[in-house]
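The values are calculated or read from the model by the stated rules, or taken from the named source; none is laboratory data. The model shown is predicted, which means the values in this text are computed figures rather than measured ones. When we count neighbours, we look across all protein chains shown, and the Cβ atoms used for this are built from the backbone with ideal geometry, even at glycine.
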Amino acid sequence: MSLAYPTAFRAFLDNPAQGAIHGKHTAFCKGLALHVDPDLQMAGNWRSPSGRLLELVLRPAASGAWTGLHLTLDLPDLAGLRFLGLAARAVAPDEVLIRACLRSGLPGGGFLDHFLPRHWLAHDEAATHHDLIHLPSQNALPVQAPWRELVLFLPCRAVELHLHDLAILTA
């Protein structure tokens, strides 16, 4: 099994940063961004302090349907892989339910989402979460795709999440 940091997170490990969250799209670095339903009228802030990958504080002003942390993956071809997943460590002062999804671009445009089987609950004590997709049993998941990303779907409410570590698992 191979465990690797996504390329986007390597930038955070070397260059701590911070900024404001506003509107429907906030890019943290190349390959890592928060996409939010515009109806949420999202505000907040983020930082990537030494020793942690990303701390998010999200404060929506209205109701909406989705909030996703998008991470570009260098996995256009899944041929030869049996498993794909993630290993992560996080903490949240108030419980945060996260759904991880492998998003695959389609050749003609659009995308296909494939949710990892387990829900991820971040709570007030740092905890490790891991989840895997058994690729040979997933007939609907394209083996080749023009692009792929991991999307962590967050609740559409006020959220504080400290993402300590995240790695992509392949075997």
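Observations
- Residues located in the range 124-149, provided they are surrounded by 14 or more Cβ atoms within 10 Å (Cβ to Cβ) and in contact with an Asp or Glu (Cβ under 9 Å, 6 or more places away or on another chain): 145, 148
- Checking the stated criteria, residue 79 turns out not to satisfy the condition of being of a type in the set (A, V, I, L, M) and surrounded by 14 or more Cβ atoms within 10 Å (Cβ to Cβ).
- Matching residues, the range 124-159, being within 15 Å of the chain's Cα centre (by Cα), farther than 14 Å from residue 68 by Cα and charged (D, E, K, R): 131, 148
- In the range 30-47, the residue that is modelled with the lowest pLDDT out of those that are on the phi < 0 side of the Ramachandran plot and either in contact with a helix residue (DSSP H, G or I) (Cβ under 6 Å, 6 or more places away or on another chain) or acidic (Asp, Glu) (or both) is 32.
- Residue within the range 56-75 that is over 28 Å from residue 18 (Cβ atoms) and part of a loop (DSSP other than H, G, I, E, B) present: yes
- Only one of 97, 86 that is aliphatic (A, V, I, L, M), surrounded by fewer than 18 Cβ atoms within 10 Å (Cβ to Cβ) and either in contact with a Ser or Thr (Cβ under 7 Å, 6 or more places away or on another chain) or at negative phi (or both): 97
- Top-ranked residue in the range 60-77 [being aliphatic (A, V, I, L, M) and at pLDDT 95 or above; ranked as nearest to residue 168 (Cα to Cα)]: 69
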